[in-house]
Amino acid sequence: MSKITTFFQVTFTAWRYLPVMLALFFIGCNTSQDWRTETHPARGKVTVNGESPVNLFVILNPLETPFDSRNSKPWGIVDANGDYRVMTYESNDGAPIGTYAITMRWPFDPSKSTDRLQGVYNTIENSPLTITITQGENILPPIELKNVKVAKASSNTNSPSTQLHADLIPSSSADGQVP
């Protein structure tokens, strides 16, 4: 066989498989949301020393195996009334069924990584709070943080790094509430 004949045979064979290769390529590029897990609406309320902690982030950390391939973490932001709605994939869609450790971060500026709670509740190891999401609508128990010293922003709000001033080790409460 000549080199030219061999070239055309190989080329023709490759072209026969082109439709199959294209089909596999487009299946792999599927933009469907098959990786998502079903969510259930969830909402709750947070107070810090009796006040609504506006812009506090409530993050639900799965205590069981991750519920989707992207290791998503449901979360919500506290509004002026102290309320938050949980979202995982879309606004207010809720969270998948499961048990979660709640972590929280209360920034001075939501675009920065500062925390008025100075990290006291921002890791699973530090936060004693857990909740369970069940089928249907979930009204979560209120989170009442009492006797917590909250860091204050420095008077120089134009400073590139906001300084925090507080000793934020929560004190125990007499009524048994989570500090």
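Coordinate-derived values only; no laboratory data. Keep in mind the model is a prediction, meaning the values are calculated, not measured. Using ideal geometry, Cβ is built from the backbone for each residue, glycine included, and neighbour counts are taken over all protein chains shown.
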Requested in this report: Return the sequence-ordered ³J(HN,Hα) values of the range 99-111 in whole Hz as given by the Karplus equation 6.51 cos²θ - 1.76 cosθ + 1.60 applied to θ = phi - 60°, using x for Gly and Pro.
Outcome: 9, 10, 8, 9, 10, 9, 9, 10, x, 5, 10, x, 8
Query - Highest average packing first - 89-95, 132-138, 69-75, Cβ atoms within 10 Å - result: 89-95, 69-75, 132-138
Query raised in the report: Got a sec to turn the phi values of the range 133-141 into Karplus ³J(HN,Hα) couplings, 6.51 cos²θ - 1.76 cosθ + 1.60 with θ = phi - 60°, whole Hz, x for Gly and Pro?
Result: 9, 10, 4, x, 5, 10, 9, 6, x
Query raised in the report: In nm, to one decimal, how far is the Asn61 label point from the Lys152 one, both placed 7 Å along Cα→Cβ?
Result: 3.1
